[in-house]
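Only one structure is covered here, and it is reproduced in the block below.
The values are calculated or read from the model by the stated rules, or taken from the named source; none is laboratory data. Values in this document were obtained by computation on a predicted structure and should not be read as measured data. Positions of Cβ are generated from backbone atoms using ideal geometry, with glycine treated the same way; all protein chains shown enter the neighbour counts.
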Amino acid sequence: MKIAILRIGHRPYRDKRITTHCGLVGRAFGADCIIIYGEKDENLINSIVDVTKNWGGNFSARFTDSWKSEIKKWKNEGGTVIHLTMYGMPLPGVMDKIHQLEKIMVIIGSEKVPGEVYRLADYNVAIGNQPHSEVAALAVFLDKLNNEVEFKLYFENAKIRVIPQERGKRVERLN
């Protein structure tokens, strides 16, 4: 399954760490890329790229000048758009349909998402019906979507790998 994340409304002064965390969660939970719409911040892209260089995989990050064009292009190429929002349909009720999809764009906002996003999305999905973090919503969604694949993922070209253990921290340097 191909999974892209579209982050709408990035504001460096407020969202730097949150948007970085959305990229990190996306990468760790099996997404292929994050596309960011908002104020450009090359340090944000560099942070995500550096993690990928050290921890492996092919995850990419980039900015876009038009969230709407990204959505339309995705749909024109046969993809499905899923908007994570507390106002959508509850996740458990739509998960069976979503599991059958092959190409997904997951939209997460930072500031108020334009109403047009709700209309362009194929699914408006609620992780919960209370205010919550987009990082948490993304993690819960990707975990359910990928059936806990994050515990089985192998990241090619990794320089660092965690060795699971009951207590303490064990990290292996691979290169």
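Please work out which residue is surrounded by the most Cβ atoms within 10 Å (Cβ to Cβ), limiting yourself to the stretch 80-100 and to residues that are touching a residue at least 40 places away in the same chain (Cβ under 8 Å) and not in a strand (DSSP E or B).
Ranking the candidates gives 91 first.
Picking from 34, 8, which residue would you name as being of a type in the set (Val, Ile, Thr), within 25 Å of residue 75 (Cα to Cα) and free of Cβ contacts under 8 Å to residues at least 40 places away in the same chain? Break it down stepwise before answering.
Working: 8 fails: free of Cβ contacts under 8 Å to residues at least 40 places away in the same chain.
Going through 34, 8 in turn, just one is of a type in the set (Val, Ile, Thr), within 25 Å of residue 75 (Cα to Cα) and free of Cβ contacts under 8 Å to residues at least 40 places away in the same chain: 34.
Can you run down the residue pairs with Cβ atoms below 6 Å, 6 or more apart or on separate chains, where the first is in the stretch 130-141 and touching a residue at least 24 places away in the same chain (Cβ under 8 Å) and among the β-branched types (Val, Ile, Thr) and the partner is surrounded by 14 or more Cβ atoms within 10 Å (Cβ to Cβ) and in a helix (DSSP H, G or I)?
135/21; 135/22; 135/25
Would you point out the residue of the stretch 107-125, among those that are crowded, with 19+ Cβ neighbours inside 10 Å and either free of Cβ contacts under 8 Å to residues at least 24 places away in the same chain or among the small types (Gly, Ala, Ser) (or both), that is farthest from residue 7 (Cα to Cα)?
For the stretch 107-125, the residue satisfying everything is 121.
Consider residue 7 against the criteria (1) assigned to a strand (DSSP E or B); (2) surrounded by fewer than 20 Cβ atoms within 10 Å (Cβ to Cβ); (3) of a type in the set (Lys, Arg): it satisfies all of them except one. Which criterion is unmet?
Result: residue 7 fails condition (2) only.
Only one of these is at pLDDT below 95 and within 30 Å of residue 172 (Cβ to Cβ): 34, 18, 3. Name it.
18
Could you tell me how many of the residues in the stretch 128-175 are closer than 16 Å to residue 56 by Cα and either acidic (Asp, Glu) or touching a Cys at 6+ places or on another chain (Cβ under 6 Å) (or both)?
Result for the stretch 128-175: 3.
Output the residues belonging to the stretch 24-51 that are within 14 Å of the chain's Cα centre (by Cα), of a type in the set (D, E, K, R) and assigned to a loop (DSSP other than H, G, I, E, B).
32
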